[in-house]
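Report on the structure given below.
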C-alpha cells in the first residue's frame, strides 16, 4: 500500500513539473565576448601586457521560473607569437624554412549563474561561479619556402592548470532576446609550465628560441564585453 501511495505521489509530482515547464519553459542563453586578460601575481611578471582574446559560452535555466542557470564557456588568447626565416642544410643544399611559434591559453569552465531580483531600469545583474581548467599550449610549425606542401608542426609544451573563480556581470537589452553583456571575472589557477617571449634570448635555429619556459600560478582577471542571445526554443 505504501508503495502505491509513493508511486502516485511521484507520478503526480512529475506531471505537475511537466505542466509547469510547459507553461514556463526553461530559458537558454548563448554569449560571445571580446575579452581582455590581465595576468596577476607571478603570472603577471612573465606575461607583462594584457592580452585580447575571445570567450564563447552557453547557459540554461536549472528549473523553470528559477533565477539559477548552469552551463559552460570556452576562452582563447595568445600569450605571444614569433615568426622568422632560417636557412638549413638539407641533402647538401641550403634551404630556407619559415618558422612560426605560438604560445596559447585555452580556458574551459563550468558555469553556475544567478540573476538576483535587482534591476536599475532595464539593466540586469548577475553573479557567477566557475570551475574548470586552463590549457597552456605552445606549438611550432616549419614550412619550406620553395615547397609549401612540405611542412611540419610540433607541440613544444602543453600543461593544465585547475581553475576556479567568480564573476559579476551586467546585461542591457538592445533588441528582442539580445542583450549587451559586460562582465568582470576573477580566475585564479594552480601552477603550470608555459612559454612566453623573452627579448633577451639569443635566437639561433628556431622561433622557439624567442621564448623561455616559465612556471607559475595562472591567476588572471578577465574583462568581457559582448552580446547575449536567447533562442526561442
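The values are calculated or read from the model by the stated rules, or taken from the named source; none is laboratory data. The structure presented is a predicted model; accordingly, all values stated were derived computationally and were not measured. FYI the Cβ positions are ideal-geometry reconstructions off the backbone, even for glycines, and counts take in every protein chain you see.
Counting the residues of the range 89-113 that are surrounded by fewer than 19 Cβ atoms within 10 Å (Cβ to Cβ), over 21 Å from the mean Cα position of the chain (by Cα) and free of Cβ contacts under 8 Å to residues at least 60 places away in the same chain gives 9. For residue 166, are the conditions met, namely being surrounded by fewer than 15 Cβ atoms within 10 Å (Cβ to Cβ), touching a residue at least 24 places away in the same chain (Cβ under 8 Å) and under 16 Å from the mean Cα position of the chain (by Cα)? Yes.
On the basis of being surrounded by fewer than 20 Cβ atoms within 10 Å (Cβ to Cβ) and closer than 23 Å to residue 77 by Cα, does residue 231 make the cut?
Details: surrounded by fewer than 20 Cβ atoms within 10 Å (Cβ to Cβ): yes; closer than 23 Å to residue 77 by Cα: no.
Spelling it out, it is not the case that residue 231 is surrounded by fewer than 20 Cβ atoms within 10 Å (Cβ to Cβ) and closer than 23 Å to residue 77 by Cα.
Pairs only if they're at least six apart or on different chains, beta carbon under 7 angstrom, first in the range 193-219 and on the phi > 0 side of the Ramachandran plot, second at pLDDT 95 or above; list them, first residue then second. Partner pairs satisfying both residue conditions: none exist.
Out of all the residues in the range 161-178, is one or more farther than 29 Å from residue 33 by Cβ and at pLDDT below 95? Can you show your working first?
Let us first name the residues in the range 161-178 that are farther than 29 Å from residue 33 by Cβ, namely none.
No, the range 161-178 contains no residue that is farther than 29 Å from residue 33 by Cβ and at pLDDT below 95.
Scanning the range 120-142 for residues that are free of Cβ contacts under 8 Å to residues at least 12 places away in the same chain and loosely packed, with under 12 Cβ neighbours inside 10 Å turns up at least one hit. So is residue 26 in a loop (DSSP other than H, G, I, E, B) and touching a strand residue (DSSP E or B) at 6+ places or on another chain (Cβ under 6 Å) or not? Against the criterion (in a loop (DSSP other than H, G, I, E, B) and touching a strand residue (DSSP E or B) at 6+ places or on another chain (Cβ under 6 Å)), residue 26 qualifies.
Does residue 93 satisfy the condition of being at pLDDT 90 or above and at negative phi? It is false that residue 93 is at pLDDT 90 or above and at negative phi. Inspect the range 175-197 for any residue being more than 19 Å from the chain's Cα centre (by Cα), loosely packed, with under 13 Cβ neighbours inside 10 Å and in a loop (DSSP other than H, G, I, E, B) and give the result as yes or no. Yes, the range 175-197 contains a residue that is more than 19 Å from the chain's Cα centre (by Cα), loosely packed, with under 13 Cβ neighbours inside 10 Å and in a loop (DSSP other than H, G, I, E, B).
Which one is nearest to residue 132 (Cα to Cα), of the residues in the range 201-233 that are part of a helix (DSSP H, G or I) and in contact with a strand residue (DSSP E or B) (Cβ under 6 Å, 6 or more places away or on another chain)? Give the steps one after another, and end with the answer.
First pass over the range 201-233, keeping only residues part of a helix (DSSP H, G or I): 207-210.
Then drop every residue that is not in contact with a strand residue (DSSP E or B) (Cβ under 6 Å, 6 or more places away or on another chain), which leaves 207-208, 210.
Details: 207: 31, 208: 29, 210: 30 Å.
Checked the range 201-233; the qualifying residue nearest to residue 132 (Cα to Cα) is 208.
Would the range 46-54 turn up any residue that is at pLDDT 95 or above, at negative phi and in a strand (DSSP E or B)? Taking every residue of the range 46-54 in turn, at least one turns out to be at pLDDT 95 or above, at negative phi and in a strand (DSSP E or B).
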